[in-house]
Amino acid sequence: MRSSSLSLSLCGLTLLFAGCGQPPEPKFSLNAKTAALTPAAQQLVTEALIENFGTPNNLVAWQELPIDYGKGSPTAAEAHRQADGWRLKEGRDLYMVHCLHCHGVAGDGNGTTARFLNPRPRDYRQGKYKFKSTAGGNRPTHADLTRILEEGIPGTYMPSFALLGQEQVGLLVDYVRWLSMRGEIEEGLAVELAQVGLKTADLERTYREKRADDKSVTLDSVRDELLAEVKSSWTDTVAEKAKDVVDFWTEANNPENLVIPQSKRVVADAESIARGRALYLSKENKCSDCHGPAGRGDGPQTEQFAAIDGASPARNYDEPGLRDAWGNVIMPRNLTRGVYRFGRRPLDIYRRVHQGINGTPMPGFGKTLKDEQIWDIVNYVLSIPYQDGTAPAPEGVAGGETLPETASR
């Protein structure tokens with residue numbers, strides 16, 4: 001199932017969970033789509049994941065993935081760095097100390113403190129990241145994740161880990177990427193099995209339909225027939241899903257996928273800010289529907305009942321409010337506070353307006369607005385905390401600086 005891998009038996013991880021008595025062994029949680037499958041189908045997915053990724057205490061470095069696992073050096077001062085795979089092990093250890101309590105063992109955003117936090121910690125397993133410099137649904141670059149770890153996310157409980165130093169931040173970035181790839185492959189396999197009818201609800205419906213025509217049919221016989229079909233090509237299926245995920249993350253660092261303005265920023269004078277305000281309030285762009293006419297995050301969409309994504313039959317949530325891709329209630333940014341979660345540089349705001357925010361209802365306007373118009377909106381947004389939205393911001397706050405040479409930092 002995997003062409004090459006490195007098994008890392010990591011005894012002693014449970015020491016990180018020390019307390020009264022022997023703590024339970026940490027486990028990777030199942031994706032909701034996997035949990036919806038029949039037990040036999042769940043087992044197929046679980047076995048594939050254990051073979052290729054291992055368990056929290058016994059990681060597997062699947063060589064197919066674009067991850068630097070760490071090549072061992074016989075001359076390394078630290079004994080554990082003399083063996084291959086040391087970066088994965090150290091990244092895991094750092095994650096368990098600094099990230100586990102919010103993001104969970106599997107990166108599912110369901111750690112022990114997560115239920116107390118708003119906004120909720122990120123669930124990495126879908127490969128959806130809100131804050132990045134890449135276009136559309138592309139994964140974040142290595143530099144994007146590094147920036148988040150070093151600077152934190154303002155307005156949330158995500159702190160800065162800059163004091164860990166560049167090397168340890170790099171280890172955490174790769175471990176988060178590894179968790180995300182694991183989750184994406186799991187979801188891909190679960191979707192594949194669901195499509196052939198191995199969701200518990202679908203299997204029972206198929207059984208009832210066949211039973212109506214043939215009384216000798218049993219639930220087990222229907223399930224076994226579907227499983228036999230899947231197992232005949234299961235190795236290839238796992239390889240295909242892994243290749244898709246590898247391609248996604250490899251493309252993330254392709255410079256062509258970076259969102260780079262095509263024109264120099266418009267000077268943030270009164271005329272530009274007025275044009276930006278008009279675009280913000282226009283019926284075509286509908287920015288104020290979410291962010292509110294004054295930018296306070298209180299637009300009428302915050303009082304609507306959002307549709308439940310993928311619900312069949314179609315239905316709405318019982319409580320009003322905008323929802324993200326994980327089903328959490330989210331509030332549009334209150335622009336009067338001047339707090340922006342992925343940076344307050346003009347380039348950062350440009351990217352949010354141009355591409356939207358992945359995993360949220362925030363759309364991108366890169367295909368409907370010209371670059372100059374997006375810059376006008378940027379100038380207006382950056383002026384809101386300091387003015388009534390109709391006058392220039394103080395000098396140095398929203399000045400007309402030139403574009404950066406690169407789009408990373």
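The values are calculated or read from the model by the stated rules, or taken from the named source; none is laboratory data. Note that the structure is predicted; figures quoted are calculated from it, not measured. Cβ atoms come from the backbone with ideal geometry, glycine included; neighbour counts cover every protein chain shown.
Taking the condition within 30 Å of LEU65 (Cβ to Cβ), part of a helix (DSSP H, G or I), small (Gly, Ala, Ser) and free of Cβ contacts under 8 Å to residues at least 40 places away in the same chain, does ALA190 pass? No: the conditions fail for ALA190. Looking across VAL238, VAL217, one residue alone is of a type outside the set (Ser, Thr, Tyr) and at pLDDT 95 or above. It is VAL238. Inspect all residues belonging to the stretch 291-313 and state whether any of them is among the β-branched types (Val, Ile, Thr), out of contact with any Gly (no Cβ under 6 Å at 6 or more places or on another chain) and surrounded by fewer than 16 Cβ atoms within 10 Å (Cβ to Cβ). Scanning the stretch 291-313 turns up at least one residue that is among the β-branched types (Val, Ile, Thr), out of contact with any Gly (no Cβ under 6 Å at 6 or more places or on another chain) and surrounded by fewer than 16 Cβ atoms within 10 Å (Cβ to Cβ). Among residues of the stretch 232-259 being buried (at least 18 other Cβ atoms within 10 Å of the Cβ) and touching a strand residue (DSSP E or B) at 6+ places or on another chain (Cβ under 8 Å), the one that is nearest to GLN43 (Cα to Cα) is ALA242. Only a single criterion out of (1) under 17 Å from the mean Cα position of the chain (by Cα); (2) surrounded by fewer than 22 Cβ atoms within 10 Å (Cβ to Cβ); (3) among the acidic types (Asp, Glu) is not satisfied by ASP123, namely (2). Kindly establish whether SER272 is crowded, with 20+ Cβ neighbours inside 10 Å, at pLDDT 95 or above, polar (S, T, N, Q) and farther than 30 Å from ARG208 by Cα. In short, yes. Please verify whether VAL196 is in contact (Cβ under 8 Å) with a residue 24 or more places away in the chain and surrounded by fewer than 18 Cβ atoms within 10 Å (Cβ to Cβ), treating the condition exactly as stated. For VAL196, the condition - in contact (Cβ under 8 Å) with a residue 24 or more places away in the chain and surrounded by fewer than 18 Cβ atoms within 10 Å (Cβ to Cβ) - is met.
Applying the criterion of being at pLDDT 95 or above, in a helix (DSSP H, G or I) and touching a Phe, Trp or Tyr at 6+ places or on another chain (Cβ under 8 Å) to the residues of the stretch 31-81, the residue that is farthest from GLY104 (Cα to Cα) is LEU44. Of the numbered criteria (1) among the charged types (D, E, K, R); (2) within 22 Å of THR134 (Cβ to Cβ); (3) modelled with pLDDT of 95 or more; (4) assigned to a loop (DSSP other than H, G, I, E, B), the one ARG344 fails is (3). Considering THR360, THR336, which residue is of a type outside the set (Phe, Trp, Tyr), over 19 Å from ILE260 (Cα atoms) and in a helix (DSSP H, G or I)? Only one candidate passes the filter, namely THR336. Per the listing ARG341, ARG337, the residue uniquely closer than 13 Å to VAL381 by Cα, surrounded by fewer than 21 Cβ atoms within 10 Å (Cβ to Cβ) and not assigned by TED's automatic domain parsing to the domain that holds PRO119 is ARG337. Among the residues of the stretch 147-172, write down those that are in contact with a helix residue (DSSP H, G or I) (Cβ under 6 Å, 6 or more places away or on another chain) and free of Cβ contacts under 8 Å to residues at least 40 places away in the same chain. Listed by number, the residues that qualify are LEU149, GLU150, SER160, ALA162, VAL169. Look at (1) part of a loop (DSSP other than H, G, I, E, B); (2) more than 21 Å from the chain's Cα centre (by Cα); (3) under 16 Å from CYS290 (Cα atoms); (4) among the hydroxyl-bearing types (Ser, Thr, Tyr) and you find that SER312 fails only one, number (3). Of the residues making up the stretch 181-198, at least one is assigned by TED's automatic domain parsing to the domain that holds GLY85, over 22 Å from ALA40 (Cα atoms) and at pLDDT 95 or above.
Every residue, every condition in (1) modelled with pLDDT of 95 or more; (2) farther than 22 Å from ALA242 by Cα; (3) assigned by TED's automatic domain parsing to the domain that holds ARG177, yes or no:
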| position | (1), (2), (3) |
| --- | --- |
| HIS101 | yes, yes, yes |
| GLY127 | no, no, yes |
| THR134 | yes, no, yes |
| THR141 | yes, no, yes |
